[in-house]
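**Q** Here you go, one structure.
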Amino acid sequence: MKKNIVKNYINLFSNLSPENINEFDDLISNDIIFVDPFNKIKGVNAFKKIFHHMFENVKEPKFLILDYSINKQRVFLKWKMTFFAFKSLQTIEGMSELLLNDAGKVASHTDYWDSLNGLFIKIPFIGYFYKISLFLFKSKT
């Protein structure tokens, strides 16, 4: 059963849309904890709100699950997210660690990705100064 929930979770992320976000209800615990570089929330409604917010603020977000590993109550996902922003296609690669409860539902979802190089460097003005600081740091070493 746990593998079915994990496979359904992966399938949902791979096909996520504003219309199917409520399908998480069958796959996650009511008190799920979600952590990423910008969020630390608890609860199914807060979890789903993050994805509603993403669809409201990012154009054509898509998740591609590149690989995964299941070990008892821990799952690791390697993924790539693409979306349109700053007038071009953007890509962020990362890992997720899922912890499953005794019922096999996802009780915790923690994303690990480099927000500085994955997102901030692409923001006009901020990215420009970040690139300059990298150049200056490299020239001093």
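**Q** Tell me, Kirkwood radius of the stretch 2-114 from alpha-carbon pair distances, in Å?
**A** Final number for the Kirkwood radius of the stretch 2-114 is 14.3 Å.
**Q** Using mean Cβ contacts within 10 Å as the protection proxy, how do 5-13, 58-66 order, highest first?
**A** Going by the mean number of other Cβ atoms within 10 Å, highest first, we get 5-13, 58-66.
**Q** Take the cross-link list 49/72; 7/87; 78/105; 40/105; 48/105 and give me the ones stretching past 25 Å between alpha-carbons.
**A** Distance filter (> 25 Å) returns 49/72; 7/87.
**Q** Search the structure for amide H atoms under 5 Å from the amide H of residue 36, placed 1.01 Å from N in the peptide plane, and list their residues when 5 or more places away or on another chain.
**A** 111
**Q** For the stretch 49-90, state the semi-axes of the equivalent ellipsoid (square roots of 5 times the eigenvalues of the alpha-carbon gyration tensor), sorted largest first and rounded to whole angstrom.
**A** They are 26, 14, 5 Å, listed from largest to smallest.
**Q** In whole Hz, with x marking every Gly and Pro, tabulate ³J(HN,Hα) for the stretch 39-55 from phi via Karplus 6.51 cos²θ - 1.76 cosθ + 1.60, θ = phi - 60°.
**A** Each residue's phi maps through the Karplus curve to give 9, 8, 10, 9, x, 5, 5, 5, 4, 5, 4, 4, 6, 4, 4, 4, 5 Hz.
Only the coordinates and a few stated rules stand behind these numbers; no lab work does. Remember, predicted model here, so these are calculated numbers, not experimental data. Virtual Cβ from ideal backbone geometry, glycine too; neighbours counted across all protein chains shown.
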